[in-house]
Amino acid sequence: MALISLQGINKYYGDYHALRDINLEIAEGEFFSLLGPSGCGKTTLLRSIAGFEMPENGVLAIDGQDMAGVGPNRRPTNMVFQSYAIFPHLTVAQNVGFGLRKSPMPRADKTRAVEEALEMVGLGGYGPRAAHALSGGQRQRVALARALILKPKVLLLDEPLSALDKKLREQMQTELRRLQRQVGITFILVTHDQEEALIMSDRIAVMFEGAIAQVDTPEGLYLRPNSRKVGEFIGMMNLLPGALRQDGAHLLADIPGLGAVALPRDFLPDGAAPGPMTFGLRPESMSVLFTSSELPTGKFVDGVVEDRAYYGDMTYYEIALQGRQAPVTCSMKNMISRPVLSRGDAIRLAWEPGALIPFAET
Amino acid sequence: MTDLRTSGARRGLALISAPLLYAVLLLAAPMAAILAFSFWTQDYLTIDKSFTLTNYREAFTDPIYRELMIRSLKIAGLVTLVTVLLAFPVAYFISFHVPAGRKSLWIFLVTIPFWTSYLIRVFLWKVILGYNGVLNSGLIGLGLIDEPLTVILYNFNAVVITLAHAFAPFAILPIFVSLERIDRSLLEAAQDLGETRLSAFFRVTLPLAMPGVVAASLIVFIPTIGDYVTPRLVGGPGGLMIANMIQTQFLKLNNAPMGATLAVVAMVIVTIIALIFVALNRRYLRGRS
Amino acid sequence: MSALFRGGWLRLYAALYLVFLYLPILLLPIFAFNSSTVIAFPLSSFTTEWFAQLVEVEALHAAVLTSVRIALITAAVSTLLGICAARAAARYRFPGKGGIMGLIMLPLVLPEIIVAVSLLVVFLQLGLQLSSLTVILGHVLICTPFSIAILNSAFQSLDVSLEEAAIDLGENSWGVFRLIVLPLVMPGIISSLLIAFTISMDEFIIAFFLSGSDATLPVYLWGQLRFPQRLPVVMALGTILVSLSILLLILAEWARRRGVRKRGGAETGGFL
């Protein structure tokens, strides 16, 4: 049974429809992310689970218990706030032990629990320090320890890494993942950073304008986005207008610039009809052939390098193709044996028809 | 389910109810009473509660009231002008030339005198400006003058000097705040675009500081026009202001309705001037943007 | 170089301005310790006689007691009202908020004489005996806006997520207020108490109109100003009053800065 179940949740602020008919099930021990641009309702959804927002209708149950009318202080959830909300007038230990105040535990046990929680987040011995003197990364660890010490069924994280610089953020991503596996608690993470969501999550819900667009595993979302919007939001994607037509037993795609290509019969989702269509193609599904000795693995066309962006490990090329106005973006892993191409170089572009993603909208 | 927003509004109203009730009972109601009184008349020991505009007619025609009103406006206007002009460079200095860590110390130093007894500060000016006062005795002692100066006490000038001193900190604070809000890169941008420091000051700093200057002017003008202590102590007969007449009507002549009328007239005039000032500033700012 | 030059002239001007601000106050101790009964130069000899005389005057003692009592109650009540209003203004949205706050803050820009006469009229009509109580009612009215202004910044800098975090960790509203809100705004409360106390101690006009036979210190002082031979004693009393005010202000500022440090915030602004 799902640990958290949301059915038909709606939330309005006056005329503004902040959450639109949210249906979602999150399993025990799952690392789940709510991903979307700012204002998409992901934080409102998280705060509804925490109990800070009361949805107008729908059912929100945690561990089989209906949460209607249950305040945040009586829910089996704890939260790591975006600002971390570390109480500035208390010490680190007082912050971490804050939620234990009413617990019947003997004082010595509480002290031990606080120390253990601090060690778990790598802050052993920091207890007596003043909280306001901590660095951003340390604050975040204190916030984690403070929430986890209460052994909640669900830990809610509201953009916990957005205030950290890039290096520290990448380090905390692995650490959060490790911590989640260690404690086995369900984590729900709110983020606007698709890379972060892909790296950390078991499953991701992508949200736009108050509604959930797709729920899937990171690979599922990346490889099989169910809409052009999701595809564009996650990773980079070339959007190629074209058409699909039935040619006897074959399904054929006509894509200006890339030519015509036969597709497997199950390419079209159920119920979809041939006709004008947009095809998504990830940059890494295409490759530039550097020498004539390399054999193309799929289809290929001739093109010219229009621009390039060198990333160190990768190079992104903008390739101009015959029959297309806008260039397509193609990424190549850099190798010692491979030269980095320059503007104006004539190349041959190979691509895999199986990597095409159909979007019904044009 | 409960709507947190309406329950938030309920909590806000519950919290504000005590201070609001206090303000209604001890501010709004008394002001309403003053307004009512201004339409009544004193009939020896009792008050005639029939509606009349007699008091207002008297307030606008009697030369004594008119003289006092005009003098109060003149003094308040002059004090405002002097105070703001003197205060602006200080506020500018603190905002632009004092290191960030020392600003609050400067502001603290400037505000301290404001919080000390107003009565004593005004009284001290009487002691300073008096015929045998500190200034005259000091100047004679230094051999700079032979006879005590008489133009400095018990007249219009003495009131202006004293009030300008008393309200100085009032003017510095709002100007300082508006100067602090100015993004320093705007000035660099202006200089980058070819302005000199001086022209950047007039084309960027000053317009952006205008809201503070307006606030400072109002915050000085409004209380000075109703000041009672300063004219009594250093004004002499030629420096009395409208507040002294209001007090006289209430406590000496026992004519509360006339006092109330003068109070209402003073407030209405102050309000009109304040509104004109704010409106002019709005138009000025809009013209700029 | 020109910047230094400009700063130099401005610095000189600002220094002179401070001298202008403080000069009158500096005269207080000079003449309070001067043995001549005339307040004028040249100075005579050093004396503490005027302070000694202060101790002997009964009426003065009564006035001091009255003023302190009034100031204490005023400080407590206006701070309490200030807490309610500042909390409501900083945390909640409610209908008519602008108008309500405007009315409560109005005494800040109202000439005190207007407040004084309007209260006098109402109290006399209600048949209320003029006393310390009527002064307190007036003082609370003018001190509350100052309390709100001070407390507003304390409540506004209070991050809502701190309160939410405390609720999330199991506290109810009272626990949140006691454990989080109160400790964090405490410096503001102390600051507000001290400022309201100082204002009430120094306030003259309202006390002059509303005190009846319970003369406050400034009202007593006003009476003394009529007697030239009492002026040195007034200077001595003024010295004590102003020193006390400055002491309280330094305490208030210290409390405010401590609050800023405690919240780990950056130093900004000052009073108001």
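Which one of these does B:F60 not meet: (1) surrounded by 17 or more Cβ atoms within 10 Å (Cβ to Cβ); (2) part of a helix (DSSP H, G or I)? The failed condition is (1). Looking only at residues in segment C:183-210 that are within 10 Å of chain A (Cβ to nearest Cβ) and of a type in the set (A, V, I, L, M, F, W, C), the one that is farthest from A:F52 (Cα to Cα) is C:M186. Take the conditions (1) surrounded by fewer than 24 Cβ atoms within 10 Å (Cβ to Cβ); (2) in contact with a helix residue (DSSP H, G or I) (Cβ under 6 Å, 6 or more places away or on another chain); (3) at pLDDT below 90; C:V176 misses just one of them, which is (3). Name the single residue that is farthest from C:L162 (Cα to Cα) among those in segment C:74-101 being buried (at least 18 other Cβ atoms within 10 Å of the Cβ) and either away from chain B (no Cβ under 12 Å) or touching an Asp or Glu at 6+ places or on another chain (Cβ under 6 Å) (or both). My answer is C:T74.
The set of residues in segment B:228-254 that are within 12 Å of chain C (Cβ to nearest Cβ) and farther than 20 Å from C:L110 by Cα comprises B:L233, B:V234, B:L251, B:N254. Just a yes or no: is a residue in segment A:187-209 assigned to a loop (DSSP other than H, G, I, E, B), of a type in the set (K, R) and in the same structural domain as A:L35 (by TED's automatic domain parsing)? Scanning segment A:187-209, I find no residue that is assigned to a loop (DSSP other than H, G, I, E, B), of a type in the set (K, R) and in the same structural domain as A:L35 (by TED's automatic domain parsing), so the answer is no.
Here the condition is being assigned to a loop (DSSP other than H, G, I, E, B), buried (at least 16 other Cβ atoms within 10 Å of the Cβ) and either more than 8 Å from chain C (Cβ to nearest Cβ) or in contact (Cβ under 8 Å) with a residue 60 or more places away in the chain (or both); of B:I152, B:I145, it holds for B:I152 alone. Would you call B:Y92 of a type in the set (S, T, Y), in contact (Cβ under 8 Å) with a residue 12 or more places away in the chain and farther than 24 Å from B:P211 by Cα? Criteria not met by B:Y92. Scanning segment A:242-291 for residues that are among the hydroxyl-bearing types (S, T, Y) and over 30 Å from A:I336 (Cβ atoms) yields a total of 1.
Keeping to segment B:110-141, report how many residues are aromatic (F, W, Y) and at the interface with chain C (Cβ under 7 Å from one of its Cβ atoms). Quick ask: steps written out before the conclusion?
Of the residues in segment B:110-141, the ones aromatic (F, W, Y) are B:114-115, B:118, B:123, B:125, B:131.
Now restrict to residues that are at the interface with chain C (Cβ under 7 Å from one of its Cβ atoms): B:115, B:118, B:123, B:125.
Total meeting the criteria: 4.
Among residues that are more than 12 Å from chain B (Cβ to nearest Cβ), aliphatic (A, V, I, L, M) and in contact with a helix residue (DSSP H, G or I) (Cβ under 9 Å, 6 or more places away or on another chain), C:A59 is included.
The residues listed here are C:S213, C:S192, C:S200; of these, the one that is in contact (Cβ under 8 Å) with a residue 12 or more places away in the chain, surrounded by fewer than 20 Cβ atoms within 10 Å (Cβ to Cβ) and under 25 Å from C:V115 (Cβ atoms) is C:S213.
Provide a single number: the residues in segment A:141-178 that are within 14 Å of chain C (Cβ to nearest Cβ), more than 29 Å from A:S5 (Cβ to Cβ) and either more than 22 Å from the chain's Cα centre (by Cα) or buried (at least 21 other Cβ atoms within 10 Å of the Cβ) (or both). Looking only at that region, the number is 1.
Considering only segment B:10-57, how many residues are touching a helix residue (DSSP H, G or I) at 6+ places or on another chain (Cβ under 7 Å), at the interface with chain C (Cβ under 7 Å from one of its Cβ atoms) and either outside any helix (DSSP H, G or I) or among the charged types (D, E, K, R) (or both)? Counting residues in segment B:10-57 that are touching a helix residue (DSSP H, G or I) at 6+ places or on another chain (Cβ under 7 Å), at the interface with chain C (Cβ under 7 Å from one of its Cβ atoms) and either outside any helix (DSSP H, G or I) or among the charged types (D, E, K, R) (or both) gives 0.
Across segment A:8-36, the number of residues qualifying as part of a loop (DSSP other than H, G, I, E, B) and surrounded by 13 or more Cβ atoms within 10 Å (Cβ to Cβ) comes to 5.
Residue-level check: of (1) within 12 Å of chain B (Cβ to nearest Cβ); (2) surrounded by 15 or more Cβ atoms within 10 Å (Cβ to Cβ), A:D66 misses just (2).
Looking only at helices (runs of 4 or more DSSP H) that lie completely in segment B:164-227, which have at least 3 residues being at the interface with chain C (Cβ under 10 Å from one of its Cβ atoms), under 30 Å from C:A116 (Cβ atoms) and of a type outside the set (D, E, K, R)? Walk me through how you get there before you give the answer.
Numbers: elements: B:168-180, B:184-192, B:197-200, B:206-225.
Those helices (runs of 4 or more DSSP H) span B:168-180, B:206-225.
Residues in segment C:104-123 that are of a type in the set (A, V, I, L, M, F, W, C), out of contact with any Asp or Glu (no Cβ under 9 Å at 6 or more places or on another chain) and within 8 Å of chain B (Cβ to nearest Cβ): 11 in all.
Within segment A:49-58, the set of residues being at pLDDT below 95 and either touching a Gly at 6+ places or on another chain (Cβ under 7 Å) or more than 8 Å from chain C (Cβ to nearest Cβ) (or both) comprises A:G51, A:E53, A:M54, A:P55, A:E56, A:N57, A:G58. If only residues of segment B:95-109 that are within 7 Å of chain C (Cβ to nearest Cβ) and among the hydrophobic types (A, V, I, L, M, F, W, C) are counted, the one that is nearest to C:L16 (Cα to Cα) is B:L109.
The values are calculated or read from the model by the stated rules, or taken from the named source; none is laboratory data. Everything numeric in this text was worked out from a predicted model, so none of it was measured. All Cβ positions, glycine included, derive from the backbone under ideal geometry; neighbour counts span all protein chains shown.
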